[in-house]
1. What's the total number of residues in the stretch 1-13 that are exposed (fewer than 14 other Cβ atoms within 10 Å of the Cβ) and assigned to a loop (DSSP other than H, G, I, E, B)?
2. Only one residue in GLY188, GLY178, GLY184 is closer than 30 Å to SER362 by Cα, modelled with pLDDT of 95 or more and in contact with a His (Cβ under 9 Å, 6 or more places away or on another chain), so which one is that?
3. Cβ-Cβ below 6 Å, separation at least six or inter-chain, first residue in the stretch 21-33 and closer than 22 Å to ASP81 by Cα, second among the aliphatic types (A, V, I, L, M): which pairs?
4. Take the conditions part of a helix (DSSP H, G or I) and closer than 19 Å to LEU357 by Cβ and apply them to THR94. Does it pass?
5. Give me the pairs, please: first residue somewhere in the stretch 79-91 and assigned by TED's automatic domain parsing to the domain that holds PRO142 and crowded, with 24+ Cβ neighbours inside 10 Å, second residue anywhere and assigned to a helix (DSSP H, G or I) and of a type in the set (S, T, N, Q), beta-carbon distance under 6 Å, and either six or more positions apart or on two chains.
6. Going by what's in this entry, would PRO295 be described as on the phi < 0 side of the Ramachandran plot, buried (at least 22 other Cβ atoms within 10 Å of the Cβ), touching a Pro at 6+ places or on another chain (Cβ under 7 Å) and in contact (Cβ under 8 Å) with a residue 24 or more places away in the chain?
7. For the list (1) modelled with pLDDT of 95 or more; (2) over 19 Å from LYS191 (Cα atoms), I need the number of the one condition that GLU317 fails.
8. Within the stretch 323-338, how many residues turn out to be surrounded by fewer than 16 Cβ atoms within 10 Å (Cβ to Cβ) and part of a loop (DSSP other than H, G, I, E, B)?
Amino acid sequence: MAQSNVFETVMMQFNKAADLMGLDPEIRKILSNTTNEIVVNFPVVMDNGCVQMFTGYRVQHNNVLGPYKGGLRFHPAVNIDEVRALAVWMTWKTAIAGIPYGGAKGGIQIRPWDYSPAELERITRRFTFALGSNIGPEYDIPAPDVNTNAQIMAWILDTYLQMMPPLERNRCVHVVTGKPVESGGSVGRDKATGQGLVYVLEAWAKDHSFPLSGATYIIQGFGNVGSWAARLLKPLGAVLVGIEDHSGAMVNPDGIDPDALAAHVAKQGRAQGYAGGAVVDHETFLSTKADFFIPAALEGQITAETAPLLNVKLVVEGANGPTDLDGDMILQERGIMLLPDVLANAGGVIVSYFEWLQNKRSEFWDLAEVDARLLKQILGAYRRVHDAVERHGTDWRTGAYIVALERLQTVYRERGIFP
């Protein structure tokens, strides 16, 4: 998927669902546009004493259901079109999940691996300062995304708190989620997206009499989402037979141990060099015969060129927007089921909501409580989407969008349009 077409793709998916459900045309106008688009250019002093300029983005799509919510990514492909699309997806995702948030997204156009930890800290802090009052604990709450993590959230938190009057600082700890546990984060947040994906997959498997024990699968991307999904599928008896990340791909029909691979990636920063599989090219990886495929890397991976290669029964989207319009159409024509990103990877934002609640209430929940609440919340979302699919006789992505749009339409009709 060409980066310049990501937002166009989101809007076409939106319009398909809106047409099918008969969305109010006035509400369609509102949801077709973002509310705020912030672009900041800011200087940072590098380790060598030179100044470098960076461009950061924060797009706020809609907040009728609650504060804007969405991740921050550090990646060279970040641009306003991509961030705009990701913000819209967040609006749908939070609405489907049934949590009181709107949708936002942000990031910096940067190759983070080119900078030292000290430089990344200064870049992060200066970006936070540049955003200023465009974020806030009851207004817009960032979280980790591609190439960002708990440490970066801690830097954002600390910078934001320094910008607040001393009397207000402890009231603002929930300005970001995905923080380290010691700094106000929630247990279970690190695995939340992968855990939610597995819960959704288990529910679908039960509905379709599809045994996960002995089922084979391939994963693209072995960062937070991919690695946790694989590690959580291991006790269920599912067998990882192929994996691809930015360093290349490998397959092993006898299975790749997710725990051993995760340990290797944690140490080396890439899957390349792991001895548990045979190195293959991209096309061979995608053609690997398996029961299901979890794309958990970047958007635009399943396209008109790659969708025909897949040799699976089911696609479970761990990444945001991994399938473009052509890819969707080809998968449907080939009878390959798809569980969409706005449902399958919603575990992250759900547990972010739990972290936000714990901070607001000065509470700390144990892992059993977090997991139990996540299971209940995401199964409710799964059932709502399942029912919409049955009711409208459509695909799962469109059904998920309909769930979101029906909720948003109801709120707009109840509240009206100011003035």
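The values are calculated or read from the model by the stated rules, or taken from the named source; none is laboratory data. Predicted model only: the values in this text are computed from it and were never measured. Here the Cβ positions follow ideal geometry from the backbone for every residue, glycine too, while neighbour counts run over all protein chains shown.
1. 1
2. Numbers: GLY188 fails: in contact with a His (Cβ under 9 Å, 6 or more places away or on another chain); GLY178 fails: in contact with a His (Cβ under 9 Å, 6 or more places away or on another chain).
Only one candidate qualifies: GLY184.
3. ARG28/ALA18
4. Values: part of a helix (DSSP H, G or I): yes; closer than 19 Å to LEU357 by Cβ: yes.
Yes.
5. Close Cβ pairs satisfying both conditions: GLU82/GLN3.
6. On the way: on the phi < 0 side of the Ramachandran plot: yes; buried (at least 22 other Cβ atoms within 10 Å of the Cβ): yes; touching a Pro at 6+ places or on another chain (Cβ under 7 Å): yes; in contact (Cβ under 8 Å) with a residue 24 or more places away in the chain: yes.
Yes: the conditions hold for PRO295.
7. (2)
8. Looking only at that region, the number is 2.
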